[in-house]
Amino acid sequence: MRRIGDHAVVLGAGIGGLLAARVLSEAYSTVTVIERDALLPDSEARKGVPQGRHVHGLLPRGKDILEELFPGFGQDMRTSGVVECDALREVRFTMAGRTLKRVSTGHRAFQASRPHLEQHLRTRVAALPNVTIRDRCDAGSLVVSADGTRISGVAIVDRSDGARETIDADLVVASMGRAGVVPSWLDKLGYDRPAEEGTAIDIIYRSAFIQLPPNALPHDKLVTIGVRDLPPRALALFAVEGNRHILTLIGHDGEEPPRDQEGFLDFAAAIAPPDVLDAIKNGEIIGDISTFRYKANLRRRYERLDRFPEGLLAVGDSLCSFSPVYGQGMTVAAIQMAVLRECLARGGKNLATRFYTAVTPEIDNAWQLTVIADGAMPHVSAGVSLPVRAAVAALEPVLIAAERDTAVATTLYRVMGLVDKPRALLSPVIAARIAVANARAALETLVGTALSSHSHT
C-alpha cells in the first residue's frame, strides 16, 4: 500500500484502536496510539474496558482478519496458551431452548480472556517499526483548520504530570468506546451529530474465573445457554488460558445475578444443564465476581451525515456497540478495519465518506442478527417492530433444523460468525433441508404425543 500521509493518531488502545494502528501503519509514515489507561505488561483487565473481565468471543471472520493482519497470529496464540476449539464439535450452543447439532464446521476458534488477547495484539502492534503507543494520556480538543473543514491534530494531557501537548496529524481516528467524543466534537465544530438508534436490552453480567475439576466437561470447551423463558437468564462458560474457565451469568430486564458466591451458584443452577451445574459446583471460583451493566445496543449513523470534517474518523464501539451476549464486538471492529484498509488503498481523499459508505452494509449484517436475537427474547418481543417479529418467527424453524441437520447447523454458525450473509439460510438447498427437518420434528412430536396418550389409557 502506498503512503498517503505522514502521521496518523489513534485515540484508544483497545481492540479497535490496535487494529486501526496496524492498518494505518501501511498508509502513514508514523502512527501514534494514545491511551488514557496505564498499559501494564501483564494480562490484567483495565479500568477503561469494564467488559474485559467477562466472556469474550472472537468469531470466525474476526479470527480470519487477524490472521491476515498479523501473519502467524494463530500459532502465536497457541504458543501463548489459549484454548483452541473445534467449532461446533466442542461447543454446546443453546439458543431459545434449541441446541445446535455438534459438527466440525471447519472453523477452529481461539478462546482467551479479553486482557490476554488484547495484550497479545498490543505486543504485535508495538513491534511495528513506525507505531508508538503512549499510555496515561487524555485526548482533549481537536486542532482544526481556519475554515473548520479539516482536522490537523489533537491536544493531549499527560495524566502522570499534567503536561499538555499538541500532536499534529493528517488523520485522527477515535476508538474510545461507545460513549465516544466525536458527536460532541462535531457539535462544537458546527457539524450535525449522527443519528442514533438501538434497542433497550438492560443486561447485567456477573462473571468469575473458575477452576473446574479435571475432565469435568470433556466434550465442551464452550457452553452458552441463551434466554428461553421468564425470568430472563443466560449463562456462558468458556475455557480460557491458564487451565481456567470464565463463568458469566446474565440477567435481563431487572433480573440480576447475585454478587456472593452462594447466590451466584444458585442463579447458575436455575439454567445450567445437570452436568454443567455439577462441574460448576465442584469447581473453585478464583478471585472476585465482577459486574458489567449494558443498557442498550447503540449505532451511530455517520453515513447519513451530509458533511464530515476531513482528517477524522470514529470507529469501533463509538460507531456501533452491540449486545455483548452475541460476542460480535471484537469481530465487527476487525471487519471495520478490513474495510478501512481497502479505503486507504484508494487514497486519503474523502476518506470518512468512503469508509462509512463501505462499512454500512457490513454493520447491517451484524446489526440485523443482534436485533432479531434480542427480539426473540420473551421480555423484549412484545415491543419489537412487525418486520423484526416476522424475522423472529422465521428463526424458530431454522433453530429446529439446526438441532438435527449438520448442514443447517454449519450454515447458521457461519452466519452467526459473520462469515456468511444471513441470506445463506435462504439458499434452495438449505431452505429444503430446513423444511425436511421441521417436517421430521413435527412427525416426532406427533408420534410422541400419540404414544404418551396411548400409555395413559
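The values are calculated or read from the model by the stated rules, or taken from the named source; none is laboratory data. From a predicted model like this one, the values you see are computed outputs, not experimental measurements. Cβ: placed from backbone, ideal geometry, glycine included. Neighbour counts: every protein chain shown. With ligands, DNA and RNA removed, areas are computed over all heavy atoms of the protein, side chains included. Shrake-Rupley method; radii C 1.70, N 1.55, O 1.52, S 1.80 Å.
Within region 420-437, restricting attention to residues that are open to solvent by less than 70 Å² (accessible area, probe 1.4 Å), of a type outside the set (Gly, Ala, Ser) and closer than 10 Å to residue 408 by Cβ, the residue that is nearest to the chain's Cα centre (by Cα) is 425. Of the residues making up region 406-419, those that are open to solvent by less than 30 Å² (accessible area, probe 1.4 Å) and either farther than 20 Å from residue 438 by Cβ or part of a loop (DSSP other than H, G, I, E, B) (or both) are 417, 418. Look at region 304-327: where a residue is touching a residue at least 60 places away in the same chain (Cβ under 8 Å) and a partner is of a type in the set (Lys, Arg) and surrounded by fewer than 20 Cβ atoms within 10 Å (Cβ to Cβ), sitting 6+ places away or on another chain with Cβ atoms under 8 Å, you get 309/150; 310/150; 311/150; 317/178; 318/178; 321/178. Exactly one residue out of 310, 303 is out of contact with any strand residue (DSSP E or B) (no Cβ under 7 Å at 6 or more places or on another chain) and not basic (Lys, Arg): that is 303. If you filter region 64-74 down to residues that are open to solvent by less than 30 Å² (accessible area, probe 1.4 Å) and of a type outside the set (Phe, Trp, Tyr), you find that the one that is modelled with the lowest pLDDT is 74. Could you check region 101-127 and list, in sequence order, the residues that are more than 18 Å from residue 70 (Cβ to Cβ) and of a type in the set (Val, Ile, Thr)? Within region 101-127, 103, 105 qualify. Being among the aliphatic types (A, V, I, L, M) and in a helix (DSSP H, G or I) is the filter here; which residues of region 91-147 pass it? Result: 117, 121, 125, 126.
Residues in region 273-300 that are of a type outside the set (Gly, Ala, Ser), buried (at least 16 other Cβ atoms within 10 Å of the Cβ) and either in contact with a Cys (Cβ under 6 Å, 6 or more places away or on another chain) or closer than 30 Å to residue 182 by Cβ (or both): 292, 294, 297, 298, 299, 300.
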